[in-house]
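What follows is a short report on a single structure.
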Amino acid sequence: MIRRAVSTLDQRTGAGSILGKALKYVFPDHWTFLFGEIALYSFVILVGTGIYLTLFFEPSTSQVVYHGSYAPLRGQEISKAYESALDLSFNVRAGLLIRQVHHWAALTFVAAIVVHLMRIFFTGAFRKPRDLNYYIGLTMLMLAVLEGYAGYSLLDDLLSGMGLAIGNAVALSIPFVGGQLGTLIWGGRFPGTEAFMSRLFITHVLLLPVAIGGLMAVHLAMVATPHHTQFRGRGRSETNVVGTPLWPAYALRSLGLFAAVAAVLFALGGLVQINPIWQWGPYEPYLGTNGAQPDWYLGWLIGALRLMPHFDVVLGSYTVVPNPFWGGVLFPLLVFGFLFAWPSIERRWSGDRAQHNLLDRPRDNPRRSAVGAALFTWVATIFFAGSADRAFVQFGVPYEGQLWAYRAASFVLPLLAYLLVKRMCEALRRSEGHPGEGSAPVIVRPAVPHAAERASPLVDQRPTAGHQARSPHK
C-alpha cells in the first residue's frame with residue numbers, strides 16, 4: 001500500500017523519490033532522544049486545546065457584574081476576560097477539562113524542552129555542525145517561557161494580575177528606556193488599557209505560536225539534514241547511523257508515544273486541579289497576596305527577585321538601575337547568554353573544531369559536565385528560593401533567614417557541584433570503558449509482523465545524498 005501511494009505521488013508530483021528516502025530515514029535507539037518528541041507532541045496538544053479555548057474566551061477588560069454559576073462571585077464587578085474564563089470552566093461542555101489539559105501541556109512542553117537541552121549540553125550534541133540548531137532550541141525555550149507567561153496573564157484573575165504587576169516593575173527597571181518601554185507595552189500606565197489585553201491575546205494565540213512552530217520546523221529539518229547523532233557502540237561511527245527506519249517501525253513507535261503523552265495530559269487535566277481561577281478572585285491593584293504561585297518555569301525568576309538585596313544605582317536624584325533589574329533582567333540574561341556562548345567557549349577551551357556525530361557520555365568530558373552541573377545547581381538554588389514565602393506560611397520558617405541561607409547557598413553549592421561532578425566523572429573514566437564496546441549489537445524487533453521484509457530494524461545509514469539505508473550489520 002505504501003509503495004503504491006509513493007508511486008502514485010511520484011507520477012503526479014515527482015516527489016516520490018524524496019518521500020521514499022524519507023521513509024528510509026534512520027533513527028538511533030536511545031531513550032534520551034524521546035524528550036524532544038515529548039516536547040513536540042505537547043506543543044501539538046497545546047495548539048489543539050488552544051484553538052478550542054479561543055472560541056469561548058473574550059480578551060476584554062471591560063467591567064461587568066457577574067451573575068454566573070459560581071455563587072461566591074455573584075454580584076461582583078469583574079472583567080469580561082475573567083467572566084469568560086469562569087463561564088468556560090463551569091458552563092462550556094468540556095471547558096474545564098480542555099483548559100486544564102492546555103495548562104498541563106504548557107508545563108510539560110517547557111519541562112521537555114529543558115530536559116532535552118540538558119541532554120544536548122551534557123552529551124556535546126551542540127558541537128559542530130549542530131551549533132546553529134542548538135541556538136534555535138535555546139531561542140525556542142525563551143519563547144516558550146514568554147508564551148506561558150502571556151497565557152496565564154490573559155485571565156485577569158488575581159494571580160495573573162500580580163504576575164503582570166511584577167512584569168511591569170521589571171520592564172520599568174531597564175535603564176534609560178524602561179519608562180517608555182512600559183508605556184509602549186501597556187498602552188499607558190499599569191494596569192494598561194483595553195488595547196493591551198487585545199495585544200496580549202494576539203501575541204499569545206498567534207505571534208508566539210507561529211514563531212515557536214516555525215522554529216520547531218527548522219529545528220527538525222536541521223536534525224535530519226546531516227543525520228541523527230548517536231552514542232558510541234559497536235557498528236557506530238562518525239559516518240553512519242545505526243537504528244530503526246522511519247517506516248514502519250519508528251513511525252508506529254512514535255505514534256504510540258504521542259498517544260501516551262496525550263493520555264497522560266488528559267488524565268492530569270481530568271483528575272488533577274490546576275489554576276482554580278475562581279478561588280483567586282478578580283485582580284485588584286490593592287490586593288497583594290492570595291497564596292497562589294506562578295507556573296514552575298517562572299520560579300527561577302521569582303527566586304532571583306527575592307534574593308537580590310535592596311540595591312539601586314543612583315546618580316544624583318535619578319535612579320539609573322532600579323532593584324528589579326538585577327533579578328528580573330540581568331539574571332536571565334546571564335543564564336541564557338552563557339548557554340548561547342558555551343559552544344564558542346568550549347571550542348576555544350578545548351581547541352576542538354572538528355565535526356562530531358557521535359555523542360559523549362557525561363563522564364567523557366568531565367569539565368563540561370562539571371560546568372553544566374554547576375550552572376544547573378545555581379539556577380535550581382535560586383528556583384527554590386522562590387518558595388520562601390510558602391515555607392514561611394506553611395512551616396513558619398523565618399523569611400529573612402531563608403533568604404540569607406539561599407544567598408549563601410547560591411555561591412557555595414555551584415562550586416561544590418563543580419568539584420564533585422568533575423571528580424566523579426574522572427573516576428568513572430578511569431574505572432571502565434564505554435558500555436557496548438566489544439559486545440554484540442542490540443537487535444530491535446520489528447514493530448509489525450513481516451516488517452523485516454521491508455526495512456531492517458538495525459540499519460546503517462551513510463550520510464550520502466539521500467541518506468540511503470544499507471543492509472543490517474552481520
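The values are calculated or read from the model by the stated rules, or taken from the named source; none is laboratory data. Predicted model, so just to flag it, every value in this text is computed and none were measured. Methodologically, a virtual Cβ is constructed for each residue, glycine included, from the backbone with ideal geometry; neighbour enumeration extends over all protein chains shown.
Quick look at the values:
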item	result
When residues of the range 67-107 are limited to those that are buried (at least 19 other Cβ atoms within 10 Å of the Cβ) and outside any helix (DSSP H, G or I), the one nearest to the chain's Cα centre (by Cα)	SER79
Residue within the range 144-156 that is touching a Phe, Trp or Tyr at 6+ places or on another chain (Cβ under 6 Å), of a type in the set (D, E, K, R) and more than 26 Å from ALA260 (Cα to Cα) present	yes
Output for the range 288-344, where each listed residue is among the hydrophobic types (A, V, I, L, M, F, W, C) and more than 24 Å from GLN402 (Cβ to Cβ)	VAL313, VAL314, LEU315, VAL320, VAL321, LEU333, PHE336, PHE338, LEU339, PHE340, ALA341, TRP342
Residue, surrounded by the fewest Cβ atoms within 10 Å (Cβ to Cβ), within the range 265-284, restricted to residues that are in contact with a helix residue (DSSP H, G or I) (Cβ under 8 Å, 6 or more places away or on another chain) and part of a helix (DSSP H, G or I)	GLY270
Flag if THR289 is modelled with pLDDT under 90 and over 29 Å from the mean Cα position of the chain (by Cα)	no
Filter pass, GLY213 being in a helix (DSSP H, G or I), surrounded by 21 or more Cβ atoms within 10 Å (Cβ to Cβ) and at pLDDT 90 or above	no
Residue in the range 285-308 that is over 20 Å from SER387 (Cα atoms) and in a loop (DSSP other than H, G, I, E, B) present	yes
Residue in the range 346-366 that is touching a His at 6+ places or on another chain (Cβ under 9 Å), surrounded by fewer than 19 Cβ atoms within 10 Å (Cβ to Cβ) and in a helix (DSSP H, G or I) present	yes
The range 141-194 - residue that is in a loop (DSSP other than H, G, I, E, B) and within 23 Å of the chain's Cα centre (by Cα) and, of those, farthest from ALA81 (Cα to Cα)	LEU154
Test: residue in the range 119-131 that is among the aliphatic types (A, V, I, L, M), within 30 Å of ARG348 (Cα to Cα) and at pLDDT 95 or above	yes
